[in-house]
Amino acid sequence: MPGLRGCLVAPPPWDARVAGVFSKAIALALPSGILISVVRDEEGMEALALWPGAEAYARIDAAARAGAAGDRARSAAIAAIEAAYAAAEPWDPRPRLAELSRAFAAAGRGGAPAAAADRLRAALRRAEAADRGRRGGADGAGDDGTIRGSGPYGRAFAAMRERDGFPAALVGFGPGTTPAGDDWLAGYLCAADLAGGRGPGGAEAALRNEIVRRLERTTAAGRSLLTGALEGVPPRYLCDLAESLAATEPSAGAAAAVDDEAGGPDAGLIAAVESALSHGASSGRDAVDGFLSGLLGLGATAAA
């Protein structure tokens, strides 16, 4: 397979530098203040990401790590990434997300968002039970320093929900290379687009404008994530969550069955939630929290 390139990655050449080499990605910083991420696995695809395939990634990773030794090696890494871009196929989930949004709206007659939220909560309970050891706490949250925990970030998040300016005020808020508030907003916008029936980028116009005004408040990684979310291109794991939630009709009692049977009617949804929870220390869980609020609206509680 030739690899994939995110739909918002402009064609090279780029005036870029290697900003970081991580276990699952290599980050290129652009003068605009956003990042292009070269991701190790296809599952890490985003609007501003490039998946070059396993062999090409190994070569790029080696060149990027050698880049610390001098400009020539750094230039070789950039050249290898640009070559991988040229060989990659476009990745744009918006046509499929638009189909899901139309089907979701047509089938629901107003009740689909609440039913979907119930299914997602049930799948989340199941996924967190399996993930409890890594996350800590009786329900997977605990006093873990995140916006879902009982520590200072969690208390601040709860207070912010009651104030004017929420949720746009979450831009740049919380811990993480990609701040937790940005993860929450990415999930929120993805679900709002799904539930609104207008397709990617079609919901919450005023909120989207407010987020644009505040982008300088967050990190380069946060700006990159939100740039995709604003354009209706959420990370692949959120696309998969939307697909699992909207593409199939649950049978009666599915929410209960998901808690009782590993292979129940929402096994695919459980797998999508488990995949989301694997992203970052808390990024996936924060995004799922935002997704629940996007389904239900800000006036409802999204607690699992």
Worksheet, complete the sentence: Across the stretch 274-287, the tally of residues that are modelled with pLDDT of 95 or more and either of a type outside the set (G, A, S) or under 20 Å from G165 (Cβ atoms) (or both) stands at 0
Discussion item. Just to be sure I understand, how many residues within the stretch 113-164 are basic (K, R), more than 19 Å from the chain's Cα centre (by Cα) and modelled with pLDDT under 75?
Written reply: 2
Worksheet item: Scanning the stretch 264-273 for residues that are of a type outside the set (G, A, S) and under 17 Å from Y237 (Cα atoms), which turns out modelled with the lowest pLDDT?
Response: D266
Worksheet item: Since A56 meets every condition but one in (1) at pLDDT below 95; (2) crowded, with 20+ Cβ neighbours inside 10 Å; (3) in a strand (DSSP E or B), which condition does it not meet?
Response: (3)
Discussion item. Given the criterion open to solvent by 50 Å² or more (accessible area, probe 1.4 Å), charged (D, E, K, R) and without any contact (Cβ under 8 Å) to a residue 24 or more places away in the chain, identify the matching residue among R40, R17, R65.
Written reply: R40
Worksheet item: Restricting attention to the stretch 183-224, and to residues there that are of a type in the set (S, T, N, Q) and within 13 Å of A168 (Cα to Cα), which single residue is surrounded by the fewest Cβ atoms within 10 Å (Cβ to Cβ)?
Response: N209
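The values are calculated or read from the model by the stated rules, or taken from the named source; none is laboratory data. Worth saying up front: this structure is predicted, and the values here are computed from it rather than measured. Virtual Cβ from ideal backbone geometry, glycine too; neighbours counted across all protein chains shown. Keep in mind that these areas ignore ligands, DNA and RNA; they rest on the heavy atoms of the full protein, side chains included. Shrake-Rupley method; radii C 1.70, N 1.55, O 1.52, S 1.80 Å.
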